[in-house]
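Encoded as structure tokens, the structure appears first; notes follow it.
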Amino acid sequence: RIWGGTPPPPWPPPLPLLPLLSLPLPCSLLIRGRPLIFSRLPLLILLLLPLALPLLVLGAQPVFALSAATGASASDLCSGHSEGWKAYAVTTPLNNASITSLSSCWTVPPLPPRDNGQQIFLWSGMEPSAQGEVLQSVLQFGESKAGGGSYWALASWKVDTSGIVFASQPLLKVSPGDVVCSQLSACGTAREWWCLESRSVLASLSSTLRVRRSRPMASAYAVFEAFGVENCTEEIPRARVTFTRLLVDGEAPAQWTACDGAGGGCGSSVRLENSTQVSIAMRSDVAP
């Protein structure tokens, strides 16, 4: 809660106001020589309104915070991942509730200047509190356990605690400038499944995966991940990727935590635009 200025007036009101609250009906005030007639109720409202406004301000909750205010600390949220996690943003529900859906969209960046066998991943997804398992929509460049090559490809993934990847097939080949969207949600009669959909807006095609729900999901992410990079200038696109329409359980998250340079190298960074939008600069020479 944020409050600036002097504190609100005390209640009950100061003694000089009390006689006004008991004025007989009707009461009159002179404004520019003309009498105005008030009943007791409107006068009471006029007198109490200045006192009520500060209370309304004090009771308001912040709509968006740049880092977690409750629960896990920022250092906890930004730890425990591999060095491949170059930059990312994470959010957790304020009441520690289990996440049942995550949606987002982002634009495919340019291709890297050179393919040197590196792997690049841009994804949004969810993890349980113990980490290790990930549900995600993955935009990848290079070959991975799901396939791929020297192009951008899109698929829905589940990575289990032993590192085994379950990916939708075939991968969707997408082009720079295409918009891809992700919808990860609990489904089924008893919501016993995860339905993972990764969609190319330009091609109007989707890559879907359905897996059994096993563990409650505690955190949602927007991530830039890379492996095998030897030269940032030649092997990472000079681009800023903005994840938009980020909704957790159909609502804008109340807070995000930015984790910059989690894996070192290339100077990648995160900028939190608002409660539904996170942008990631893939290299340090990306314009602000």
Checklist line | Residue check for G228: of a type in the set (G, A, S) and either within 22 Å of G80 (Cβ to Cβ) or buried (at least 16 other Cβ atoms within 10 Å of the Cβ) (or both) | finding: yes
Next item on the list: Given the conditions (1) farther than 21 Å from E83 by Cβ; (2) under 21 Å from the mean Cα position of the chain (by Cα), report the number of the one that E127 does not fulfil.
Entry: (1)
Notebook entry, point to check: Going through segment 129-148 one residue at a time, which ones are touching a strand residue (DSSP E or B) at 6+ places or on another chain (Cβ under 6 Å), open to solvent by less than 30 Å² (accessible area, probe 1.4 Å) and of a type outside the set (S, T, Y)?
Noted result: V134, L135, Q136, V138, L139, Q140, F141, G142, A146, G148
Checklist line | Residues of segment 186-210 that turn out to be in a loop (DSSP other than H, G, I, E, B) and either in contact with a Cys (Cβ under 9 Å, 6 or more places away or on another chain) or without any contact (Cβ under 8 Å) to a residue 12 or more places away in the chain (or both), as a count | finding: 5
Next item on the list: Determine whether E225 is more than 25 Å from Q255 (Cα to Cα), touching a strand residue (DSSP E or B) at 6+ places or on another chain (Cβ under 8 Å) and either touching a residue at least 40 places away in the same chain (Cβ under 8 Å) or in a strand (DSSP E or B) (or both).
Entry: no
Checklist line | Given (1) modelled with pLDDT under 95; (2) buried (at least 20 other Cβ atoms within 10 Å of the Cβ), number of the condition A65 does not satisfy | finding: (2)
Notebook entry, point to check: So Q183 fits all but one of (1) without any contact (Cβ under 8 Å) to a residue 12 or more places away in the chain; (2) touching a strand residue (DSSP E or B) at 6+ places or on another chain (Cβ under 8 Å); what number is the exception?
Noted result: (1)
Checklist line | Filtered residues of segment 242-284 (kept if of a type in the set (D, E, K, R), over 9 Å from the mean Cα position of the chain (by Cα) and in a strand (DSSP E or B)) | finding: E251, R271, E273
Check: Within segment 84-114, can you find the residues that are open to solvent by 60 Å² or more (accessible area, probe 1.4 Å) and in contact with a helix residue (DSSP H, G or I) (Cβ under 8 Å, 6 or more places away or on another chain)?
Finding: P113, R114
Check: Which ones in segment 235-284 are surrounded by fewer than 16 Cβ atoms within 10 Å (Cβ to Cβ) and modelled with pLDDT under 95?
Finding: G264, G265, S284
Note to self: I'd like to check something: does segment 234-241 contain any residue that is in a strand (DSSP E or B) and either of a type outside the set (K, R) or within 21 Å of Q131 (Cβ to Cβ) (or both)?
What the structure shows: yes
Next item on the list: Starting from segment 78-106, take each residue that is touching a residue at least 40 places away in the same chain (Cβ under 8 Å) and under 30 Å from S204 (Cα atoms) and list its partners that are open to solvent by 40 Å² or more (accessible area, probe 1.4 Å) and part of a loop (DSSP other than H, G, I, E, B), counting only C-beta distances under 6 angstrom and pairs at least six apart or across chains.
Entry: W85/A262; A87/D260; T100/D249; S101/D249
Item checked: Search result, residues across segment 241-268 that are hydroxyl-bearing (S, T, Y) and either under 16 Å from E83 (Cβ atoms) or in contact with a His (Cβ under 8 Å, 6 or more places away or on another chain) (or both) -> S268
Next item on the list: Of the numbered conditions (1) modelled with pLDDT under 95; (2) over 18 Å from S156 (Cβ atoms); (3) open to solvent by 30 Å² or more (accessible area, probe 1.4 Å), A203 fails exactly one; give the number of that condition.
Entry: (2)
Check: Somewhere in segment 174-181, is a residue modelled with pLDDT of 95 or more, among the hydrophobic types (A, V, I, L, M, F, W, C), over 22 Å from the mean Cα position of the chain (by Cα) and over 21 Å from M126 (Cβ atoms)?
Finding: yes
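Residue by residue, here is whether (1) in a strand (DSSP E or B); (2) within 22 Å of the chain's Cα centre (by Cα); (3) of a type in the set (V, I, T) holds:
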position: E143; (1), (2), (3): yes, no, no
position: A155; (1), (2), (3): yes, yes, no
position: K158; (1), (2), (3): yes, yes, no
position: S162; (1), (2), (3): no, no, no
position: Q169; (1), (2), (3): no, no, no
position: Q183; (1), (2), (3): yes, yes, no
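The values are calculated or read from the model by the stated rules, or taken from the named source; none is laboratory data. Treat the numbers as computed from the prediction; the structure is a model and nothing was measured. With ideal geometry, Cβ positions are generated from the backbone for all residues, glycine too; neighbour counts draw on all protein chains shown. Side chains included, ligands, DNA and RNA excluded: accessible areas come from the protein's heavy atoms. Shrake-Rupley method; radii C 1.70, N 1.55, O 1.52, S 1.80 Å.
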